[in-house]
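*Asks:* What follows is a single structure, and I will ask about it in a moment.
The values are calculated or read from the model by the stated rules, or taken from the named source; none is laboratory data. The shown structure was predicted, so the numbers you read here are calculated from the model rather than taken from an experiment. Here the Cβ is made from the backbone with ideal geometry for all residues, glycine too, and neighbour counts use every protein chain on show. Calculation scope for accessible area: heavy atoms of the full protein, side chains included, ligands and nucleic acids excluded. Shrake-Rupley method; radii C 1.70, N 1.55, O 1.52, S 1.80 Å.
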Amino acid sequence: MPLIALAEKSARALRDDMVTTAHSRGFTELQPLHNPVFATLPPEGARAVDMAHRAGITRQSMGEAIRDLAAHGIVEMVPDPADGRAKIVMFTEYGRKVASSGYSHIIEIDALVREKFGDRDVDATYRVLQGVMELLAEE
């Protein structure tokens, strides 16, 4: 299997696992379209345009995910103190609980992978994947 296919299938499996686990933990409102928000929203909040850029998706796609999460009470939009015309996306109290659960699962997955394959192989995988990103960014 080509590297690009293997990386994409692994990433898809990890994203799907995040949603499945969220559902099993009671957060049944979460859907795959929400993943880019959780992947790019820092605790202090961020502008949707910046989140979209970090996620590598359109501003419209990020906006759709944000609006859906806001409807579920997971995020809210607050005025940007630096620019009165802009809004900052922030986790609500409930949203912080959801995000914390997701982060805990990421730690659990890392531990599971390390238990299954060993620190040496996992560390090598991290180095190779980071190296691929850096190599292709140079071109």
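*Asks:* Here is a list: Ala70, Ala39, Ala55. Which entry is of a type outside the set (Asp, Glu) and more than 12 Å from the chain's Cα centre (by Cα)?
*Replies:* Working: Ala39 fails: more than 12 Å from the chain's Cα centre (by Cα); Ala55 fails: more than 12 Å from the chain's Cα centre (by Cα).
Exactly one residue qualifies, and that residue is Ala70.
*Asks:* Would you say Lys97 is more than 22 Å from Asp16 (Cβ to Cβ), open to solvent by 90 Å² or more (accessible area, probe 1.4 Å) and not β-branched (Val, Ile, Thr)?
*Replies:* It is false that Lys97 is more than 22 Å from Asp16 (Cβ to Cβ), open to solvent by 90 Å² or more (accessible area, probe 1.4 Å) and not β-branched (Val, Ile, Thr).
*Asks:* (1) within 22 Å of Met133 (Cα to Cα); (2) open to solvent by less than 50 Å² (accessible area, probe 1.4 Å); (3) not in a helix (DSSP H, G or I): which one isn't true of Met1, the others all being true?
*Replies:* Looking at each condition in turn, Met1 falls short on (2).
*Asks:* Which number in (1) in a helix (DSSP H, G or I); (2) among the hydroxyl-bearing types (Ser, Thr, Tyr); (3) touching a helix residue (DSSP H, G or I) at 6+ places or on another chain (Cβ under 9 Å) marks the one condition that Thr28 misses?
*Replies:* (1)
*Asks:* Taking Ile88, is it open to solvent by 50 Å² or more (accessible area, probe 1.4 Å) and closer than 15 Å to Thr40 by Cβ? Step through it out loud before you land on a result.
*Replies:* Details: open to solvent by 50 Å² or more (accessible area, probe 1.4 Å): no; closer than 15 Å to Thr40 by Cβ: yes.
In short, no.
*Asks:* Do we find that His105 is touching a Ser or Thr at 6+ places or on another chain (Cβ under 6 Å), closer than 27 Å to Ser24 by Cα, at pLDDT 95 or above and surrounded by 15 or more Cβ atoms within 10 Å (Cβ to Cβ) in this structure?
*Replies:* On the way: touching a Ser or Thr at 6+ places or on another chain (Cβ under 6 Å): yes; closer than 27 Å to Ser24 by Cα: yes; at pLDDT 95 or above: yes; surrounded by 15 or more Cβ atoms within 10 Å (Cβ to Cβ): yes.
So His105 passes the test.
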